[in-house]
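Enquirer: I'd like to ask some things about the structure below.
The values are calculated or read from the model by the stated rules, or taken from the named source; none is laboratory data. Since this is a predicted model, take the numbers as computed values, not measurements. Counting neighbours? That spans all protein chains shown, and the Cβs are built from the backbone with ideal geometry, glycine included. We work out accessible area using only protein heavy atoms, side chains counted, and drop any ligands, DNA or RNA first. Shrake-Rupley method; radii C 1.70, N 1.55, O 1.52, S 1.80 Å.
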Amino acid sequence: MSEMGFIYIYKNDGISSHKKLCRAFMCYTDMNHIRIDDKALEIVRDRYGKPSFLHYPKIHFSIAHTKQLWACAFFEEKIGLDIENEKNVDHHKIAKRFFHPQEAAFIHDSFSFYRLWTAKESYVKYIGRGIDEHFSKICVLPGHKEMIDRKEELSWKQAGVFFHSLILEDGSFLCVCTAKKVKLKINEKEVRM
């Protein structure tokens, strides 16, 4: 049986990321009947910059945003999240620089590029690192590479973790990285993975 991860997505409308995080945190704790006290929702960062809640260390989260959307994933264990909109960029040039050689060789359109980019970025957020010199050494390509081209939600295990990738209604690419297979609820709607 898989566990449940929660993702809250809001329009990126000028409200601060901290206020959105507080709103999502309240929704998450209410939905999961987690008792919280009056302590401030204070954020601390580890040496690599990964944020966590000072007073709620057992609630793990990851934040990502695009120009239009802000998203936050919560889980009982560490989690990584990325969200991206398609942009008019040279995918092959970026893949050659930032992707593992096997991944770069597989990129054939923007769809395959963004599936892999969000998986890679969710992974480095999961491990608590950013895009650094090791980013191109990490390969998140699933064993069955043709999976990447599917338009439906996907889950696969690679590099010792699970990736949960989906395309949102607005066409944004979203990927969550966790240590185990999870079900996802997005704004209280369950997504089958």
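Enquirer: Per residue, what accessible area does the chain have, given a 1.4 Å probe and all protein chains present, in Å²?
Expert: 53 Å²
Enquirer: Roughly how many percent of the accessible protein surface of the chain is carbon and sulfur, given a 1.4 Å probe and a whole-percent answer?
Expert: Answer for the chain is 51 percent, counting heavy atoms of protein chains only.
Enquirer: Within 10 Å, count the other beta carbons around each residue, average over each peptide in 131-141, 85-95, 110-120, and list them highest first.
Expert: In decreasing order of mean packing, 131-141, 85-95, 110-120 become 110-120, 131-141, 85-95.
Enquirer: At 222 nm, what helix-only mean residue ellipticity would the chain give, in deg cm²/dmol to the nearest 500, using -39500 (n - 2.57) for each DSSP H run of four or more?
Expert: Computed ellipticity for the chain at 222 nm equals -7500 deg cm²/dmol.
Enquirer: While we're here: Treat each spin label as a single point 7 Å out from the Cα along the C-beta direction, and report the residue 144 to residue 48 distance in nm.
Expert: The modelled label-to-label distance comes out at 3.0 nm.
Enquirer: Sum up the charges of everything whose Cβ sits under 12 Å from the Cβ of residue 20, counting Lys and Arg as +1 and Asp and Glu as -1, but leave residue 20 out.
Expert: Neighbour charge sum, excluding residue 20 itself: +2.
Enquirer: Just how large is the dipole of segment 1-124 about the Cα centre, in debye to the nearest 20, putting +1 at every Lys and Arg Cβ and -1 at every Asp and Glu Cβ?
Expert: The dipole magnitude comes to about 360 debye.
Enquirer: Here is a follow-up. Can you give the local net charge around residue 41? Use residues other than it whose beta-carbon is closer than 13 angstrom to its beta-carbon, Lys and Arg +1, Asp and Glu -1.
Expert: +1
Enquirer: Quickly work out the residue 158-to-residue 94 label distance, labels modelled 7 Å from Cα along the C-beta direction, and quote it in nm with one decimal.
Expert: Going by the 7 Å Cα→Cβ label model, 1.7 nm.
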